[in-house]
Amino acid sequence: MQPLLDILRSMLEQHKADYEILSHNRPLISKDDAARVFDLVKAAPVFILEADGELVALLASAARGRIDLKALRQDVGYASLRPAPEEDLLIRTGCAPGRVPLVGHGLPVIFDEVLLRHDYVYGKTGDVLHTLKIRPLDLMRLCNVVKVWPDPQGTPAGRMAEAAFANKA
């Protein structure tokens, strides 16, 4: 069986994403560990949630701070939203909590528009010794985005994405 990191690299290459996979000598356990590798404001943690009875991945911006699930639910239009049970996470993604990669997990995505403020964002690869650095528009393009969490400062994700993809046509 092909390692998850190889599958991720292959997918990113196939889709011509602007990315880099950063290697570490040890896992990034704490914020201090991560801060030695990248700007924490550009971190893009993945949270697996149960939204109206279905599992979804929230690709959030660390710049938001603590996530208010009630506010998120209202912002993106779900009737119910809660953290997914760990056993569902393992069954659906094959990853333990805190190890779900930014892309390639196979879940529908709620994409945090705040990520579009950055040139690159950083997140998990499924391998504790590697971090994915990727352009946010490529991240958005590679995911099955079903909802966009609006940027409170008004960054228009839809217009940014349309402009970026219009140049490719």
| field | Residue count, segment 54-92 (criterion: among the aliphatic types (A, V, I, L, M), out of contact with any helix residue (DSSP H, G or I) (no Cβ under 9 Å at 6 or more places or on another chain) and under 16 Å from residue 112 (Cβ atoms)) | value | 6
| Looking at (1) at pLDDT 95 or above; (2) under 20 Å from residue 130 (Cα atoms), which is the one condition that is false for residue 78? | (2)
| field | Residues of segment 1-30 that turn out to be modelled with pLDDT under 90 and hydroxyl-bearing (Ser, Thr, Tyr), as a count | value | 1
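Inside segment 119-139, can you point out the residues that are among the aromatic types (Phe, Trp, Tyr) and surrounded by fewer than 22 Cβ atoms within 10 Å (Cβ to Cβ)?
120
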| request: Please determine, by comparing only the residues of segment 89-118 that are among the hydrophobic types (A, V, I, L, M, F, W, C) and assigned to a helix (DSSP H, G or I), which one is surrounded by the fewest Cβ atoms within 10 Å (Cβ to Cβ). | output: 91
| message | Can you tell me which condition residue 132 does not meet? The list is (1) within 23 Å of residue 41 (Cβ to Cβ); (2) out of contact with any Gly (no Cβ under 8 Å at 6 or more places or on another chain), and all the others hold. | response | (2)
| task | Considering each residue of segment 55-88, count those that are of a type in the set (Val, Ile, Thr) and assigned to a strand (DSSP E or B), and give that number. | result | 1
| message | Please go through segment 105-136 and give me each residue that is touching a Phe, Trp or Tyr at 6+ places or on another chain (Cβ under 8 Å) and farther than 24 Å from residue 69 by Cα, ordered by number. | response | 131, 132, 133, 134, 135
| field | Answer residue from segment 83-101, given it is over 17 Å from residue 52 (Cβ atoms) and of a type in the set (Asp, Glu) and is nearest to the chain's Cα centre (by Cα) among those | value | 86
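The values are calculated or read from the model by the stated rules, or taken from the named source; none is laboratory data. Please read all numbers here as calculations on a predicted model, not as lab measurements. Methodologically, a virtual Cβ is constructed for each residue, glycine included, from the backbone with ideal geometry; neighbour enumeration extends over all protein chains shown.
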